[in-house]
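Encoded as structure tokens, the structure appears first; notes follow it.
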Amino acid sequence: MIDVLIIGGGNAALCAALMAREAGASVMLLEASPREWRGGNSQHTRNLRCMHEAPQDVLVDAYPEEEYWQDLLKVTGGKTNEELARLVIRESSSCRDWMRQHGVHFQPPLSGALHVARTNAFFMGGGKALVNAYYRSAEQLGVQIRYDTPVEDLEIRDGRFVAALVPEREVNGTRLAAERIEAKSCVLAAGGFESNREWLREAWGQNERGEYPSDNFLIRGTRFNKGTLLKRMIDQGADSIGDPTQAHMVAIDARAPLYDGGICTRIDCVSLGVVVNKEGERFYDEGEDFWPKRYAIWGRLVAQQPGQIGYSIIDSKAVGNFMPPVFPGNKADSLEELADQLGLPREIFMRTLQDYNRACRPGTFNHTELDDCVTEGVTPAKTHWARPIDTPPFYGYALRPGVTFTYLGLKTDDTAAVRFDDQPSDNLFVAGEMMAGNVLGKGYTAGVGMSIGTAFGRIAGRNAALASLGRQPASAA
Amino acid sequence: MNAESNLIPLLNTDEEEVNRQLQICNACRYCEGYCAVFPAMTQRLEFGKADIHYLANLCHNCGACLHACQYADPHEFGVNIPKSMAKVRLQTYSDYAWPRKLGALYQRNGLTLALSSALALGLFLVLTLLVQGSLFSQIEGGDFYQIFPHNTLVTMFGSVFGFSTLALILGVVHFWRKVAPGEKQVQEAVPAMIQTGKAALTLKYLDGGHGQGCNNEDDAFTLARRRFHHLTFYGFMLCFAATSVATLYHYVMGWEAPYPIFSVPVILGIVGGIGLLIGPAGLFYLNYKRHPEHGDQAQRPMDRGFIMLLFMISLTGLLLLGFRETTLMPLMLALHLGFVMAFFLTMPYSKFAHGFYRSAALFKSYLETRKNNNSKH
């Protein structure tokens, strides 16, 4: 029997596998996806939010623990666990040497991401390069890796992990028999449920317009996060945490693929223009704050609009001031024509744009600061970067809510143990998106998902190795 | 200037594919740290024909961005920058070649190299037979000028080398004019040139951006390609230096070949020749093991043909030296001269051109970087 079984194949799972193997345990990792899709949502990530007291290689200045904590407190609106959050923050200051040992390379912030030069360390080549490095290192260290191996259930006895159950399945035309895989301890790191359409529908329900909003959500992340194990664990009595409608959700290009759209499908011109819904009305202050601080609320804002769709409208003054979108926008020489192209009611759209244009007060436009270009006498107001949309050609981008990952997870503590009736399991641990909700009750700040996954992946792996030797799990130093 | 230059040139299928993929890359940018292509990409919102030709030649086909790509197959976006760039790159060699018609030699370049080798070998074997009556004869002191007088060789090789160099230069100049219009009065050309020289001579962009090298058969990094390329390039340059020193000896000092083993030209030739054996052998092996999605599979005959030609030049050169005092000398001489002639003939129409086009692209990228840095400050 192997010592430690890791269920999942993304960053948290790999961190756990590497730590357990380094602690001397024999380790098997089960990845539900085929090899070419391995890595879960981690393949779409790009950086790690890191605490540091002084400049560190690619990180400038300092980002002390307290500031990091305050940032987290602010974005979650207090829906967080201070003890676990601070644990993540402290781990983020010391994990990067270990990451480098396993082949991860860091690089200075990408162009267009200079605003996080102080707080976030970028992976050279992005998350897939990180995932590749971890898999190579795991293979070299002798971790057994099995792809195409989804776990549908666990055998749990008295709060202890006994075995994982893999259903019968077909892989490349070959029928593989069902399996029961025993291990002395286990780490669950199999992600959220964002690609489970039925569960999303159940969680979001029907709105007052009779729509099922989640039917119009696009999934920016992996198609393999069905939440199968998460659901089974909750059904088996594991303590859960979080709200199933809470997720990292951004407004993305409506033409993005249904799954795995990743970073490139975002639309970065919202704060440079206006956003209308399909009735041609504005619905929120587009200039409330810097876009990187606001993009994570726009998914939810669009989800609340009729048809779960919005339209970002800019004029030619905005071109070149934002990250180029992956698909070209609709382009028209007049606003009327643009309304027609986008299928928006022309009269209401024109009235909305005229009201907005008339409300723009003269100011000094500066997209790099919270400038004084504001509207007066229009609702909702636009409180920065408000300039009349009057210089053809005009561009429009249709927006949909894009879910990155869901926050509903298993409750845990500083040992990363899964808990049943508020009692920690001796040999079952959890990491990554399956427990990120302990720290992130709502909201998001760039790179914190990877900080949580790395910190808890490492803790879970170390404790799973200890548990396999019959020793008590330890909380992080 | 003709009328067509006033129009925006339409992209062909391969160029359109690069354009499509770069729109995705430009919205992602995760690969910016790997090489010069992505930083150059971020300076643009649209990619015209000239931009695409420039970026295609800036790409070193290291493979790093393919393995790191969240949008590579089986993703529906199907991004593969090394492959799409390689296709356009070959097309640029062919499009910018001088004379234009000979650019077609790139279409089946393995065949081009094989045929020119066969022709050149045949030529020298027949000439040897005509002059000597046999391919095997003992010649005192290994003096190959007894077979082909010095002036004959200088005339033959000098004229072919001269033409090929001219053709290559005209091709690269044509390329430069297309990709860098209006960069005639460039500022800081000298520092940019120095950076270019450094990047080319150290193969900076085969270091992966982190110093651990590029990819070959999988997502692991290796310095092997960079090292074997160094052996090949510097081996070649030492052989070139050997010939240059020998030319000086001949014309300036009046010392005639053959030179003793412990003379400068022969030692340079031996050391260079060994590099030019190991380097191409290693590159051939790496090319054989290369991940199938790296670059354009259809170009492997061009790559391997050129690698083989370099290897054969070196092998026959060393054999000629080794057997110069034996009856095998005339045969070895004919073989060596044949391969060298084939190389000279195909210089502007073989993989050899890649170094020149890539250096031009690197130069442009350093000029651009400097211009942008200056405008920021």
Original post:
Only one of (1) in a loop (DSSP other than H, G, I, E, B); (2) out of contact with any Leu (no Cβ under 9 Å at 6 or more places or on another chain); (3) more than 14 Å from chain B (Cβ to nearest Cβ) fails for A:Arg118. Which number is that?
Top reply: (2)
Subject >> Odd one out for B:Glu46, checked against (1) within 25 Å of B:Lys371 (Cβ to Cβ); (2) of a type outside the set (A, V, I, L, M); (3) modelled with pLDDT of 95 or more >> reply: (3)
Original post:
For the stretch B:146-190, which residues satisfy the criterion of being surrounded by 15 or more Cβ atoms within 10 Å (Cβ to Cβ) and aromatic (Phe, Trp, Tyr)?
Top reply: B:Phe148, B:Phe157, B:Phe161, B:Phe175, B:Trp176
Original post:
Quick check: anything in the stretch B:74-83 more than 14 Å from chain A (Cβ to nearest Cβ), farther than 27 Å from B:Thr112 by Cα and of a type in the set (A, V, I, L, M)?
Top reply: no
Original post:
Restricting attention to the stretch B:128-140, does a residue exist that is in a loop (DSSP other than H, G, I, E, B) and without any contact (Cβ under 8 Å) to a residue 60 or more places away in the chain?
Top reply: yes
Subject >> Only one of B:Ile307, B:Ile278 that is touching a residue at least 12 places away in the same chain (Cβ under 8 Å) and surrounded by fewer than 18 Cβ atoms within 10 Å (Cβ to Cβ) >> reply: B:Ile278
Subject >> Among the residues listed as A:Gly280, A:Gly261, A:Gly287, the single one being within 14 Å of chain B (Cβ to nearest Cβ), part of a loop (DSSP other than H, G, I, E, B) and either over 14 Å from the mean Cα position of the chain (by Cα) or not aromatic (Phe, Trp, Tyr) (or both) >> reply: A:Gly261
Original post:
Taking the stretch A:314-334 on its own, how many of its residues are buried (at least 16 other Cβ atoms within 10 Å of the Cβ), touching a residue at least 24 places away in the same chain (Cβ under 8 Å) and within 14 Å of chain B (Cβ to nearest Cβ)?
Top reply: 9
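For the stretch B:54-65, which positions are within 14 Å of chain A (Cβ to nearest Cβ) and closer than 12 Å to B:Val37 by Cβ?
Listed by number, the residues that qualify are B:Cys62, B:Ala64, B:Cys65.
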Original post:
Hey, among A:Arg90, A:Arg96, A:Arg100, which residue is among the basic types (Lys, Arg) and free of Cβ contacts under 8 Å to residues at least 12 places away in the same chain?
Top reply: A:Arg100
Subject >> A:Glu91 vs. criteria among the acidic types (Asp, Glu) and either touching a helix residue (DSSP H, G or I) at 6+ places or on another chain (Cβ under 7 Å) or over 22 Å from A:Gly457 (Cα atoms) (or both) >> reply: yes
Original post:
A:Lys128 fails exactly one of the following numbered conditions: (1) assigned to a loop (DSSP other than H, G, I, E, B); (2) touching a residue at least 40 places away in the same chain (Cβ under 8 Å); (3) within 14 Å of chain B (Cβ to nearest Cβ). What is the number of that condition?
Top reply: (1)
**OP:** Would you be able to tell me the number of residues in the stretch A:176-211 that are in the same structural domain as A:Ser26 (by TED's automatic domain parsing) and more than 22 Å from A:Gly9 (Cβ to Cβ)?
**Re:** 0
**OP:** Look through A:Ala381, A:Ala339 and report the one residue that is more than 14 Å from chain B (Cβ to nearest Cβ) and part of a loop (DSSP other than H, G, I, E, B).
**Re:** A:Ala381
**OP:** Specify the residue that is nearest to A:Pro109 (Cα to Cα); the eligible residues are those in the stretch B:13-40 that are facing chain A (nearest Cβ under 7 Å) and assigned to a helix (DSSP H, G or I).
**Re:** B:Cys28
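The values are calculated or read from the model by the stated rules, or taken from the named source; none is laboratory data. Since this is a predicted model, take the numbers as computed values, not measurements. As a convention, Cβ positions derive from the backbone with ideal geometry for all residues, glycine included, and neighbour counts pool all protein chains shown.
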